[in-house]
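Visitor: Below: one structure in structure tokens.
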Amino acid sequence: YELAVHHRFSPKVRKWWPRPDTPEYYAALVNHDRAKRGERRLTFSDGNLTFRINKLGFLHYAEVSLGTPATSFLVALDTGSDLFWVPCDCKSCASNLEFGIYSPSASLTSKKVLCNNSLCQATCSEAEFCPYKVAYISSETSSSGVLVEDILYLTTEDEAVEARVTFGCGEIQTGSFLDSAAPNGLFGLGMEKVSVPSILASLGLVSDSFSMCFGLDGLGRISFGDKGTSDQDETPFSPSPTYIVSVTGMQVGSSYTEDFNALIDSGTSFTTLSDPAYTHITQSFDAQVRDKRDPQIPFECCYLISSNQPEIPVIHLTMKGGSQFPIINPIIFISVKQGEVIYCLAVVKGGNWNIIGQNFMTGLRVVFDREKLILGWKNANCEIADSSLFPVNPRNPGGSSTGPNSYNPEA
């Protein structure tokens, strides 16, 4: 199954956002190939966004349809969490939405999940229906309500597929979900049984694997059942708590660092590293850049462009098993005033965690093979929707890059 993905700053959705490439903009951000012939793919229709940015980064979204009659939602795609939820019978949801609000009573095919259901992880007490509450990394950010079952509309190349999935009827959202991140729902892609990839595999609709492609232009794809290709690079991942990989080395130009573990998270826009990895990448990057630093942007390593082709140190990760994970687009360009452009290493310092965010996956097709516990990747042109995904060579990150290609509700 394949879904069309729209970046928050693609032409489809850009009109809803503050003018990009300004200091104020970034200050707000920081405060396949088919596995076999006949593989079915899912496509979500186009959509756009209605909420403003005031958190770190920007997410990738897909339009999904639920219920009978179908209601459309523009949901954020997040490999760092499990539950799929949408705003529903709202007691506290994002205001001024131009998208759908779900209600079990308005759908002929809706069914609330009972407490004795195997997907119910809550302590029900005297409640008949299964409640849920999920807390996210962002301060005081959560979603809560009840679990429901209903039809998720999927499409193959030649037929419509109606899959009954379990998701959250999100009655109460808090924190970032009220004004900045995923106001119309979050599509968890983690390993737990309640996630949509797990449900689709358990129904026998697809194999337990999916891929996401993050285009250099902000467009992307997500394909359920995609197990990648024989020529992709791979590394094992640990499924606890989600997709944790072992990085055995990080090269920044001519400098190398030691190993660390990291979460692969499409719900984080800018890669987040803790020390010593953070100090290594920023100090090594700065030592090899010849341009003058500019302190006015809320990334540590920002520079005034002194030539048309700034010399950017090549960055790549060596994964467990020896495969190289190329960082195709580690920088962003920002216009600070008329005629003046700076570029920044788009990496954020974290606390006790390392997250390989969406910006480090840009230009790659990333496969999450949950059956083999393998993460695969390959350079790809994400605009190609079928088995003829054309490989593309990593471009000089200091070349024609025009800005960031990711977001995070810090979920």
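Visitor: Could you give every pair whose Cβ atoms fall below 8 Å, whose first residue belongs to the stretch 107-133 and is more than 18 Å from residue 151 (Cα to Cα), and whose second residue is among the basic types (Lys, Arg) and outside any loop (DSSP other than H, G, I, E, B), counting only separations of at least 6 or pairs across chains?
Guide: Correct list of pairs: 122/133; 129/112; 130/112.
Visitor: Which residue is surrounded by the most Cβ atoms within 10 Å (Cβ to Cβ), if the candidates are limited to the stretch 326-360 and must be part of a loop (DSSP other than H, G, I, E, B) and out of contact with any helix residue (DSSP H, G or I) (no Cβ under 8 Å at 6 or more places or on another chain)?
Guide: Within the stretch 326-360, the first condition is being part of a loop (DSSP other than H, G, I, E, B), and the residues that meet it are 327-330, 338-339, 346, 350-354, 357.
Next, only the ones that are out of contact with any helix residue (DSSP H, G or I) (no Cβ under 8 Å at 6 or more places or on another chain) stay: 328, 338-339, 351-353, 357.
Values: 328: 22, 338: 5, 339: 6, 351: 8, 352: 6, 353: 14, 357: 28.
The selected residue is 357.
Visitor: Mind listing whichever residues of the stretch 126-143 are under 22 Å from the mean Cα position of the chain (by Cα) and either in a loop (DSSP other than H, G, I, E, B) or not basic (Lys, Arg) (or both)?
Guide: Taking the stretch 126-143 and keeping what is under 22 Å from the mean Cα position of the chain (by Cα), we get 133-143.
Matches in the stretch 126-143: 134, 135, 136, 137, 138, 139, 140, 141, 142, 143.
Visitor: Right, next: So, of the residues in the stretch 99-120 that are closer than 11 Å to residue 166 by Cβ and not β-branched (Val, Ile, Thr), which turns out to be surrounded by the most Cβ atoms within 10 Å (Cβ to Cβ)?
Guide: Just the residues of the stretch 99-120 that are closer than 11 Å to residue 166 by Cβ, to begin with: 111-113, 117-120.
Filter again for not β-branched (Val, Ile, Thr), leaving 111-112, 117-120.
Working: 111: 13, 112: 15, 117: 15, 118: 9, 119: 16, 120: 20.
Across the stretch 99-120, the extreme among qualifying residues is 120.
Visitor: Taking residue 274 and the conditions (1) under 18 Å from residue 317 (Cβ atoms); (2) not assigned by TED's automatic domain parsing to the domain that holds residue 369, which numbered condition does it fall short on, given that it satisfies the others?
Guide: Result: residue 274 fails condition (2) only.
Visitor: Can you find a residue in the stretch 310-325 that is under 21 Å from residue 59 (Cβ atoms), surrounded by fewer than 21 Cβ atoms within 10 Å (Cβ to Cβ) and in the same structural domain as residue 266 (by TED's automatic domain parsing)? Quick ask: steps written out before the conclusion?
Guide: Residues of the stretch 310-325 that are under 21 Å from residue 59 (Cβ atoms), as a first pass: none.
No: zero hits.
Visitor: Exactly one of (1) at pLDDT 85 or above; (2) out of contact with any Pro (no Cβ under 9 Å at 6 or more places or on another chain) is unmet by residue 157. Its number?
Guide: With (1) at pLDDT 85 or above; (2) out of contact with any Pro (no Cβ under 9 Å at 6 or more places or on another chain) applied to residue 157, the lone miss is (1).
Visitor: Failed condition for residue 89, given (1) more than 27 Å from residue 265 (Cβ to Cβ); (2) out of contact with any Cys (no Cβ under 7 Å at 6 or more places or on another chain); (3) among the charged types (D, E, K, R); (4) at pLDDT 90 or above, with all others met?
Guide: Here residue 89 clears every test but (2).
Visitor: Can you spot a residue in the stretch 194-204 that is in contact with a helix residue (DSSP H, G or I) (Cβ under 8 Å, 6 or more places away or on another chain) and not small (Gly, Ala, Ser)?
Guide: No, the conditions are met nowhere in the stretch 194-204.
Visitor: Related question: What do you reckon, is residue 249 closer than 30 Å to residue 289 by Cα, out of contact with any Pro (no Cβ under 6 Å at 6 or more places or on another chain) and outside the structural domain of residue 273 (by TED's automatic domain parsing)?
Guide: Numbers: closer than 30 Å to residue 289 by Cα: yes; out of contact with any Pro (no Cβ under 6 Å at 6 or more places or on another chain): yes; outside the structural domain of residue 273 (by TED's automatic domain parsing): no.
No; evaluated as a whole, the condition is false for this residue.
Visitor: To continue, here is another question. Kindly indicate the residue of the stretch 232-245 that is in contact with a Ser or Thr (Cβ under 7 Å, 6 or more places away or on another chain) and either among the small types (Gly, Ala, Ser) or in a strand (DSSP E or B) (or both) and also surrounded by the fewest Cβ atoms within 10 Å (Cβ to Cβ) among those meeting that condition.
Guide: Let us first name the residues in the stretch 232-245 that are in contact with a Ser or Thr (Cβ under 7 Å, 6 or more places away or on another chain), namely 233-235, 242-245.
With the extra rule that they be either among the small types (Gly, Ala, Ser) or in a strand (DSSP E or B) (or both), the set shrinks to 233-235, 244-245.
Numbers: 233: 19, 234: 18, 235: 21, 244: 16, 245: 22.
It comes out as 244.
The values are calculated or read from the model by the stated rules, or taken from the named source; none is laboratory data. None of the values given here were measured: they were computed from a predicted structure. So basically every Cβ, Gly included, is an ideal-geometry build from the backbone, and we count neighbours across all protein chains shown.
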